[in-house]
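Note sheet for the following structure.
The values are calculated or read from the model by the stated rules, or taken from the named source; none is laboratory data. Quick caveat: nothing in here was measured; it's all calculated off a predicted structure. Every residue, glycine as well, gets a Cβ built from its backbone with ideal geometry; the counts of neighbours run over all protein chains shown.
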Amino acid sequence: MAILVTGGAGYIGSHVVDSLINDGYEVIVFDNLQAGHRQAVHAQAAFVLGNLLNKADVAALFAAYPQIDGIMHFASRILVGESMQIPFVYFHDNVMALLNLLEIATQHHVKRFILSSTANLFDKPNVIPIREDEPLIPGSVYGETKFFAERILHWMDTIYGLKYCFLRYFNACGAHENGHIGEDHDPETHLIPLTLQVALGKREHISIFGTDYDTPDGTCIRDYVHVLDLARAHILALEALQDGQSRVYNLGSGTGYSVLEVIEAARAVTGHPIPAVVGARRAGDLPVLVADSTRIKRELGWQPRYDSLRVMVETAWRWHKAHPDGFAD
Ligand code: UFG
């Protein structure tokens with residue numbers, strides 16, 4: 001079975017590619033290397049440099065690899081805050097690119113599609129942990145682009161029989177235990193890598209965005225989920241789509257950790273004092289975001305294996321220590 005992985009040179013995509021190859025899949029990575037890294041792509045995966053916004057690139061990809069029968073779509077802009085600064089870029093890159101991909105994929109009768117979706121669809125949850133049936137209220141332009149993506153795929157299923165699985169990630173983190181691939185964003189905005197950059201001497205302190213939230217220690221609580229657990233979920237989802245049922249899953253470890261707890265874990269793992277400075281709240285942050293992942297556990301037998309905060313931070317630390325400047329390219 002040949003799987004197209006768009007954005008397969010990126011953080012989550014590269015870990016999923018590694019898992020797919022290890023499970024015996026033929027993998028074709030398609031990436032424009034705007035945020036991804038060529039070195040992150042497993043040596044046994046085919047690599048195609050191209051842009052989803054250029055329909056000719058997508059057509060050439062499917063002409064070269066007509067055996068593609070499933071797609072995992074990671075290629076996307078991913079920052080909540082940035083999406084409120086440059087909304088047109090987000091709508092363009094996340095929605096238009098998907099339409100190009102789907103137009104060609106449906107012509108080639110692709111029948112399985114895994115979408116990287118997001119917890120940012122749940123801006124006003126009634127119940128926490130958050131289940132799949134909470135109202136979908138995007139918290140940003142970024143979240144809105146994923147909402148559009150889910151709606152577009154709904155119609156692709158109805159019209160073309162393209163079966164989808166939406167995986168709504170909460171806070172992806174950690175790195176591969178082999179130490180070869182990990183998180184390398186530029187600019188970095190995520191809490192765990194930024195905290196570890198302090199331990200590496202690349203930053204003076206970590207800023208805490210608000211200590212006056214309605215949470216036990218006043219800092220925001222998030223559901224951190226290890227990137228290898230996300231990878232496993234993708235493969236289970238791909239296999240499950242064989243039965244012809246589209247699906248939706250919220251994907252987190254199910255435990256919330258506060259910003260202070262994350263920083264404390266990083267201090268314990270690195271042995272560095274990691275100075276922290278309390279700053280203002282960051283616009284758009286919700287106090288608590290924790291997933292209820294009961295559905296994917298029940299239906300697909302998914303179980304997070306790397307669900308302790310310490311292990312998540314340890315694997316990230318191993319990667320960052322060995323690659324303080326990220327990938328070489
Ligand atoms: N934070 C800090 N200081 C920092 C960076 C982050 O205090 O320097 C805090 C944030 O305010 C937040 C928590 O740490 O409370 C986690 O922040 P991240 O930026 O690491 O992650 P987010 O929860 O904001 O966003 C992540 C993904 C998004 C996705 C969202 C879904 O990056 O793509 O989860 O909930 F949409």
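Residue by residue, here is whether (1) in contact with a strand residue (DSSP E or B) (Cβ under 8 Å, 6 or more places away or on another chain); (2) surrounded by 21 or more Cβ atoms within 10 Å (Cβ to Cβ) holds:
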{"position": "Glu239", "(1), (2)": "no, no"}
{"position": "Gly244", "(1), (2)": "yes, no"}
{"position": "Val259", "(1), (2)": "yes, yes"}
{"position": "Val262", "(1), (2)": "yes, yes"}
{"position": "Ala268", "(1), (2)": "no, no"}
{"position": "Ile296", "(1), (2)": "yes, yes"}
{"position": "Val311", "(1), (2)": "yes, no"}
{"position": "Pro324", "(1), (2)": "no, no"}
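Conditions tested, residue by residue: (1) within 21 Å of Leu162 (Cβ to Cβ); (2) more than 16 Å from the ligand (Cβ to nearest atom); (3) under 19 Å from the mean Cα position of the chain (by Cα).
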| residue | (1), (2), (3) |
| --- | --- |
| Ile3 | yes, yes, yes |
| Thr6 | yes, yes, yes |
| Gly10 | no, no, yes |
| Val29 | yes, yes, yes |
| Asn32 | no, yes, yes |
| Asn54 | no, yes, no |
| Ala63 | yes, yes, no |
| Gln67 | yes, yes, no |
| Phe74 | yes, no, yes |
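Yes/no per residue for (1) at pLDDT 95 or above; (2) among the hydrophobic types (A, V, I, L, M, F, W, C); (3) within 15 Å of Asn32 (Cα to Cα); (4) in contact with a Pro (Cβ under 7 Å, 6 or more places away or on another chain):
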| position | (1), (2), (3), (4) |
| --- | --- |
| Val48 | yes, yes, yes, no |
| Lys55 | yes, no, yes, no |
| Ile68 | yes, yes, no, no |
| Ser76 | yes, no, yes, no |
| Phe88 | yes, yes, no, no |
Would the range 130-138 turn up any residue that is away from the ligand (no atom under 16 Å from the Cβ), β-branched (Val, Ile, Thr), under 20 Å from the mean Cα position of the chain (by Cα) and not in a loop (DSSP other than H, G, I, E, B)? no
If the Cβ limit is 6 Å and pairs must be 6+ apart or interchain, which residue in the range 277-298 that is closer than 10 Å to Gly252 by Cβ pairs with which residue that is among the β-branched types (Val, Ile, Thr) and surrounded by fewer than 20 Cβ atoms within 10 Å (Cβ to Cβ)? Val290/Ile128
Inspect all residues belonging to the range 168-184 and state whether any of them is assigned to a helix (DSSP H, G or I), within 12 Å of the ligand (Cβ to nearest atom) and either outside the structural domain of Arg77 (by TED's automatic domain parsing) or of a type in the set (Val, Ile, Thr) (or both). no
